[in-house]
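Student: Okay, here's the structure, questions in a sec.
None of the figures in this text is laboratory data; all of them are computed from the coordinates on show. All figures in this text were calculated on a predicted structure; none of them were measured in a lab. Glycine also receives a Cβ, built like all others from the backbone with ideal geometry; neighbour counts cover every protein chain displayed.
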Amino acid sequence: MREALEAKLGPISSAHLLAGGASKEAWAIDLADGTELLVRRASVGVIHRDTLTLEQEFQVLEAALAAGVAAPRPVQYLGDVDGHEAFAMERVHGETIGRRIVRDPPAALPLQLAEQLARIHSIEPLDFLPRGSAIQRFYDELDSVEEPHPAIEYGLAWVRERIAAPDAPTFCHGDFRVGNFAVDADGLVSVLDWEFAHVGDPVGDVAWPIVRAWRFGADERRLGGVGEVEPYLERYNELSGREVTPEELDVWEVFGNVKWAIGCLTQCRRHLNGQDRSVEYAVLGRMAAEMEYELLDLIEHA
Amino acid sequence: MPDRPNASELIEAVFEFLASEVLPTADDQRLRFRTLVAMNALGIARRELESDTVLLDPGQLADLAARIRAGETVELGLLKEHVAAKLRISNPAYLEKYE
């Protein structure tokens, strides 16, 4: 792979595979001239059916940058690199591990997240982005698991009764949460992981970082273990001109738990069906119960 | 009856091997993380082997799922009990968050 990369990027002084990145490989590549790159390369398969190709993800990064979003600067679409599609982008610095971020979160982070999200939702929806009913998509994904999950069914039915089609289809990040942000002592450095970008209801993005799993144990801070929801929501509404209510957020929080429960089950199937054998994927099948309990508890207290 | 060690004891032996010999010598962040995940998986397997309670069988689960899909009302408390039973195997500490 090194030779294939050097043919496109020039001499490389070091290359190593970074931790994380479930469906795509992430390589830290240092060029001989000192440039620090991150190369995203397709590994086997995809998590969800609607995940973007790397070429599309590259275009999404270009659109995000043009909209003034703090996203890694896309450097070069590389096409085929040793049998797998890849692109190079700026390697941003900052902490990305959720557990470490919630230990001592920067005070500025909640409002910065609101500001970034308002900008993200102003990006012009690109033609190739997936769109359509999120609820139907997750029913389909649940069916693909071929295992009965009445708790998830309960959550989907409850959400379906309460969510209307969005007024205006909006560009959504699709995985806007702690763990996908680079953060330093001053706050947000960059919004990462754009592969789930789609056109849909922006409230889904606003509520996604609130889901308990993305608080990384710091449950006393409902917004992703890093802060309070109210100032974040207020700032988002102010900047976006939308009027998202706390009640809407509650419904989408339940939906977020439904989505992540199903995400765990479908990722586990990649292990079970031999597409991508991994102990990490395997245990996700048993982790779905955590989101099932959370969504039932949220509904019970709604 | 199999000879000792039984399945549960074998799982325990592998868990202890990972904890005492692999984890302390693993410098690579990815390997450390995966070792912890593997230990977690063994814990789940062991608790499952040692547990004999099944609240709802697969037929009952499929029936409940189909009824909810069809728009019938089912009791939330029963679902919660069912999921709690799963969590007592997969992650008992998780339930403490709700106490």
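Student: Rg and Dmax of the range A:98-300, using alpha carbons, in Å: what are they?
Tutor: 16.5, 48
Student: Another one. When only C-alpha pairs under 8 Å and at least 6 residues apart count, what is the relative contact order of the range B:1-50, in percent? Write down the numbers at each step before the final one.
Tutor: On the way: 20 pairs, mean separation 25.9, N = 50.
RCO, the range B:1-50: 52 percent.
Student: Straight-line reach only, C-alpha to C-alpha below 16 angstrom: list the lysines that B:Lys97 could link to, leaving out same-chain residues fewer than 8 apart.
Tutor: Hits, sequence-local ones excluded: B:Lys80, B:Lys86.
Student: In 5 Å bins starting at zero, report the fraction of Cα pairs in the range A:1-123 per bin as a rounded %.
Tutor: 2, 10, 17, 20, 19, 17, 9, 5, 1
Student: On a C-alpha basis, how far is the centre of the range A:173-189 from the centre of the range B:11-41 in Å? Whole number, if you could?
Tutor: 29 Å
Student: A further question on this structure: Among the lysines, select those whose C-alpha is under 28 Å from the C-alpha of A:Lys8, and discard any that sit fewer than 8 residues away in the same chain.
Tutor: Qualifying lysines at Cα under 28 Å: A:Lys24.
Student: Cut-off is 10 Å between beta-carbons; in what order do A:Asp184, B:Asp27 appear when sorted fewest neighbours first? Write down the numbers at each step before the final one.
Tutor: Values: A:Asp184 13, B:Asp27 6.
Arranged by neighbour count, lowest to highest, A:Asp184, B:Asp27 become B:Asp27, A:Asp184.
Student: Can you pull the mean other chain C-beta count within 10 Å for peptide A:270-283? Please list the in-between numbers first.
Tutor: On the way: counts 0, 0, 0, 0, 0, 0, 0, 0, 2, 8, 7, 1, 4, 8.
That works out to 2 on average.
Student: If only Cα atoms are counted, what is the Rg of the range B:53-99, and what is its Dmax, in Å?
Tutor: When restricted to the Cα atoms of the range B:53-99, Rg and Dmax are 12.2, 34 Å.
Student: Something else about it: The range A:101-148: which GluC sites (Glu not before Pro) are DSSP loop and have at most 14 other beta-carbon atoms within 10 angstrom? Walk me through the intermediate numbers first.
Tutor: Numbers: sites: A:Glu115, A:Glu141, A:Glu146; in loops: A:Glu146.
Passing sites in the range A:101-148 are A:Glu146.
Student: Let me know the mean shielding of B:51-64 by other chains, meaning the per-residue number of their Cβ atoms within 10 Å of its Cβ. Each step should come with its number before you reach the end.
Tutor: Working: counts 0, 0, 0, 0, 0, 2, 0, 2, 1, 2, 5, 4, 2, 6.
Averaged over the peptide's residues, the number is 2.
Student: Follow-up question, since we're still on this one. Please order A:Met1, A:Met287 by the number of other Cβ within 10 Å, starting at the fewest. Present the calculation step by step, with values, prior to reporting the outcome.
Tutor: Details: A:Met1 15, A:Met287 22.
Ordered from fewest to most neighbouring Cβ atoms within 10 Å, A:Met1, A:Met287 come out as A:Met1, A:Met287.
Student: What Kirkwood hydrodynamic radius, in Å, does the protein assembly as shown give when the mean of 1/r is taken over all pairs of distinct Cα atoms and then inverted?
Tutor: Numbers: mean 1/r = 0.0442 Å⁻¹.
Its Kirkwood hydrodynamic radius stands at 22.6 Å.
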